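The values are calculated or read from the model by the stated rules, or taken from the named source; none is laboratory data. Please read all numbers here as calculations on a predicted model, not as lab measurements. We place every Cβ from the backbone using ideal geometry, glycine too, and count neighbours over all the protein chains shown. These area figures cover heavy atoms from the full protein model, side chains too; ligands, DNA and RNA do not enter into them. Shrake-Rupley method; radii C 1.70, N 1.55, O 1.52, S 1.80 Å.
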Amino acid sequence: MNLQKIVVIGAGTMGSGIAQWFTQQMCFVELVDSSPEQLSKALASIHSSWDKLVEKEKLTSCQVNQMKKLLEVKSLDKVSRTSDLVIEAIIENLDIKKELFKNLDEFFAPHTIIASNTSSFPISMMAEAVSHERKSRFVGLHFFNPATIMKLVEVIKGKETDEKLCFDLYQWFDSKDKKPALCKDSPGFIVNRVARNFYGEPLRIVEDESEGKMKEVDRILREVGGFKMGPFELMDLIGIDVNYSVTCSVWNAYNEEPRFAPHALQKKMVEERRFGRKTKRGFYKYD
Ligand code: NAI
C-alpha cells in the first residue's frame, strides 16, 4: 500500500491532528472544513506546533519548510479527486456523516479509500450511504487525541470492507510507527467501550461539580492508577460534547445498559456549551 495523497475532512481537534501527522509522514495533505475560520485556526496551530518542534530540535527547519508546502487547506470541491485516502473527522452526528459520505462517494475516484474517524458509530451503518462498489473500500480509522502523539489507530472492518484492505492499512500504519489494532465493528470498538467506565464511574463518584473532588479523583488516577491524565482532565481535552455523543451512542447500541449510561452532568454541560478546553470552560477553567 502506498498512501501519498490524503484528504482530511473536519479541521477540529482530531482532523487537525490527523492532518498534521500524515504531513509529518511526508504525505500530500488537503485539509477541509465547513468553517473557513476553523480552517485558518487549524493551519496556524499546526504551523505553530511545527515551529515549536524546530525550537526543541525535534525537527529541522528544512523538514518543516517541506511539510508546510505539503499541507494545504481548501474547500471540498477543490481537493484532488484521485486522492488515495479520505478521512472524515467531522461532528459525531450519524445523519450529517452519512450525507457527507454520499457526496464523497460521488466525488472521489473509484480507488479512493473512504475512512471515518468516528468514535462510536458502526462502520457498516455509515457504509449504507455509499455505492455498492465503494463499500469494500469504506473503513473505520479511529485515531486518538492528540493524533500526532498517540500511537494507537483502530482499523475497523465493516460488514463489506475488504479484509485485505484492512490488513494493508494495518501494515502501513505499523511501518509508520503507529500501533494499529484490527477491530470488530462493535459499539465503541475496543477503547471507547472500555473507556466508558473510566469516565462514568468518576462522574458517579463526584456527582456534583466540586472542583476539590474532581482534582482528587484526577490526582489518584494519575499518581496511583498510572494514567497519563485523570478522567476529568481527559474529558476536557476530548471535548464534553464529543464525549457525551459517544456515551449516548454506545449506551443506545447496548440497549441502554446501565453501566454505559450518560451522566446528567455531561448533558447539563453540553446544554451550557461548556465543552472543555476548546471553549475554555469544562470541568476546569482554561484562561
Ligand atoms: P471538533 O468539534 O473539534 O471538530 C469537528 C469539525 O468538523 C469542526 O471544525 C466543524 O466545523 C467541522 N464540520 C462539521 N460538519 C462538517 C461538514 N459537514 N463538513 C466539513 N466540516 C464539518 O470534533 P473532534 O473532537 O475533532 O471530533 C471529530 C470526530 O472524531 C468525531 O467523529 C469524534 O467522535 C471523533 N473522535 C474524537 C476524539 C476526541 O478526543 N475529540 C477522539 C477520537 C475520535
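Quick look at the values:
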| quantity | calculated |
| --- | --- |
| Net length gained if the chain between Ser35 and Glu257 were fully extended (0.36 nm per residue, minus Cα distance) | 76.3 nm |
| For the chain: rounded, prolate or oblate by the Cα gyration tensor [a/c cutoff 1.5] | oblate |
| Shape category assigned to segment 1-82 from the gyration tensor of Cα positions, a/c cut at 1.5 | oblate |
| Check: segment 98-179 dipole with +1 on Lys, Arg Cβ and -1 on Asp, Glu Cβ, in debye | 200 debye |
| Segment 35-78 - charge dipole about Cα centre, Lys and Arg +1 at Cβ, Asp and Glu -1, debye rounded to 20 | 60 debye |
| Residue-averaged [θ]222 nm for the chain, counting only DSSP H segments that reach four residues, each worth -39500 (n - 2.57) | -14000 deg cm²/dmol |
| Å² of accessible area per residue within the chain, as computed with a 1.4 Å probe and no ligands counted | 49 Å² |
| Distance from segment 54-70 to segment 191-223 (C-alpha centre basis), Å | 38 Å |
| Binned Cα-Cα distance frequencies in segment 80-210 - 10 Å width, integer % | 12, 41, 32, 10, 4, 0 |
| Furthest towards positive pole of dipole, Leu182, Gly225, Gly158, structure part the chain, Cβ charges | Gly225 |
| Solvent-accessible area, 1.4 Å probe, carbon plus sulfur percent, for the chain | 54 percent |
| Most to least accessible of Glu257, Glu154 (protein chains only, probe 1.4 Å) | Glu257, Glu154 |
| Point-charge dipole on Cβ atoms (K/R +1, D/E -1) for segment 144-234, about Cα centre, debye to 20 | 280 debye |
